[in-house]
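Student: Below is a structure I'd like to ask you about.
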Amino acid sequence: MFKPLSIFIGLRYTRAKRRNHFISFISLSSMLGIALGVTALITVLSVMNGFEKELRHRMLGMSAHVVVNAIEDHWSDWQQLAKKLAQKPHVTGIAPFIQGQAMITYNKNVEGTFLQGISPQYEPQVSKVKDKIVIGDLDNLQAGKFNLVLGSELARKLGVGIGDKLTLVVPQTSVTLVGLLPRMKRFTVGGIFNVGMHEFDSGLVLLNLEDAAKLLRMPAGSINGLNIKLDDMFIATLFNSKLQQELPFGYYSYDWTYRHKNFFEAIKMEKSVMFIILTLIVAVAAFNIVSTLIMVVTDKQADIAILRTLGATPKTVMMIFMVQGILIGLLGTILGLGGGISLALNIETLVPAIEHFFNVDFISSEIYYISDLPSDLRWMDVYKITGFSLIISLLATIYPAWQASRTQPAEALRYE
C-alpha cells in the first residue's frame, strides 16, 4: 500500500535536478523508449487491422457469407429451398450459381479461369460485382446471348475489350467424326469489372446462369448451389451451424470463415508476431528503468540511511523508488498513447501528404492491390497495449527498489 511519505519523497526525487546528468539522460531515454514502443504498437496494429478489414470487405464483396450445396453436383428444385431460406432472420439476399473451370483464349493468348454462372436479377443481392464493373453492364448477361463479364487483369492479359469474341474451353469432351474434342464455345465480352483483388480480377469470368448450364452440359434450370447474404457477416458461423441442422438430407453448407480460413489465420498470426516484436521496444525501455533506478539507489545511499535511522521501514524505502520507476513508465505510456492514437486516426491523410511532399509513392497501385494505407483503431488493442506497458514498467522497478530497502544504515554512513 502506498503511503503519503513514499509518494512525497519519490516525487521529490523525480522532480529534483540530478547531480548525475547521465542518470537524467537514462531516465529520459527510458520514457521516450516506452513512448516510442507504445506509439509503434498502436499504429502498426491499427494499420494491420485496417488491411484486414479492407481485404475482408473486398473478398466478401464478391463472395457470399454462407453457401448451400448439394451432395450431388447439381440440383433443379432450388426455388423452394431458396424461398425457405429467404424467410430466415438476418438473410438479406439469395442467389443461385454454377461454378466450373475453363481456359479462355483470344488470338494466341491463353489463360486459365474460374467460371461462375450467375443470375443478373439475383446476383446484386449477394455481391457488389454490379458496382465494380468499370466498362459495360452486368445486365448484358442475358440468357442465350452468350456474353461474359471478366476481371480487369484478365482482360489486360488477353488484350480484349467490350465486344471482342473469346473462346471458352471447358474440361469436357464432345464426340465428333474425328474423335473426342474438348468442348468449346464462343462468347462476347459484355463487361469488365475491377474488384482490386488478384484472385478475382485475374481469374474470374461471369456468365449467365443458363449459358453456363449449357456450356457445362447441365440440365436446364439446374444449379450448383445458393449464395446467402446476411445483414451481419460476423454471425455467419452461428447462422451456418444452425442452418446445417435444418437443411434437408443431401444438402450441406459452409460460411465465409471456412472458405477463407487460411488467409485470415495467416493475418492473425502476423499480427501476433508483430505484437511480440514491437513489445521488445517497450521491454528495452523497461531495462533502462532498471538501470536508472539502480544508479539512483547507489547515488542516494546516504539519504536512504538517514531515512532508515529516522524510522522509515524497508517497505517505505522500497515504495519511494518504485514511485520513480512507475512515474517514468506512466509518463512514457501517456506520451505513447497520444502519439499512437493520433497517428492511427490520421495516417490515411498523413501518408498521402508525405508522398506528395517528397514526390514518392510508398504503396504503388501498379504493384499492390490496396494502394492506400487503411487504419482501423480498435480500443481493445489500446487497452491491452496500455496495460502491458504499465505492468512491464511496474515489474522493472521491483528489483532496484528491493535492493534499496535492504540498505544497512551503518554500512551506508560509514564513510560519510
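Student: Looking at (1) farther than 18 Å from ALA82 by Cβ; (2) modelled with pLDDT of 85 or more; (3) surrounded by fewer than 20 Cβ atoms within 10 Å (Cβ to Cβ), can you tell me which one LEU247 breaks?
Tutor: So the condition that LEU247 fails would be (1).
Student: Here is a further query. Looking only at residues that are under 28 Å from the mean Cα position of the chain (by Cα) and part of a loop (DSSP other than H, G, I, E, B) in region 63-88, which one is farthest from ASP211 (Cα to Cα)?
Tutor: HIS65
Student: Which of the residues belonging to region 250-268 are surrounded by 13 or more Cβ atoms within 10 Å (Cβ to Cβ) and part of a loop (DSSP other than H, G, I, E, B)?
Tutor: HIS260
Student: Right, next: Out of the residues in region 186-206 that are farther than 24 Å from MET59 by Cα and surrounded by fewer than 17 Cβ atoms within 10 Å (Cβ to Cβ), which is farthest from the chain's Cα centre (by Cα)?
Tutor: ARG186
Student: Return the residue satisfying two criteria in turn: it lies in region 391-416 and is hydroxyl-bearing (Ser, Thr, Tyr) and modelled with pLDDT of 80 or more, and of such residues it is nearest to GLN324 (Cα to Cα).
Tutor: Step by step, filter region 391-416, then rank; the result is THR397.
Student: Let me confirm something: among LEU216, LEU209, which residue is surrounded by 20 or more Cβ atoms within 10 Å (Cβ to Cβ), of a type in the set (A, V, I, L, M), modelled with pLDDT under 90 and more than 21 Å from the chain's Cα centre (by Cα)?
Tutor: Every option except LEU216 fails the conditions.
Student: If you don't mind, another one. Quick check on region 274-290. Is at least one of its residues in a helix (DSSP H, G or I) and within 23 Å of ARG58 (Cβ to Cβ)?
Tutor: Yes; the residues of region 274-290 include at least one that is in a helix (DSSP H, G or I) and within 23 Å of ARG58 (Cβ to Cβ).
The values are calculated or read from the model by the stated rules, or taken from the named source; none is laboratory data. All of these numbers come straight from a predicted model, not from anything done at the bench. For neighbour counting, all protein chains shown are included, and Cβ atoms are generated from backbone atoms with ideal geometry for every residue, glycine included.
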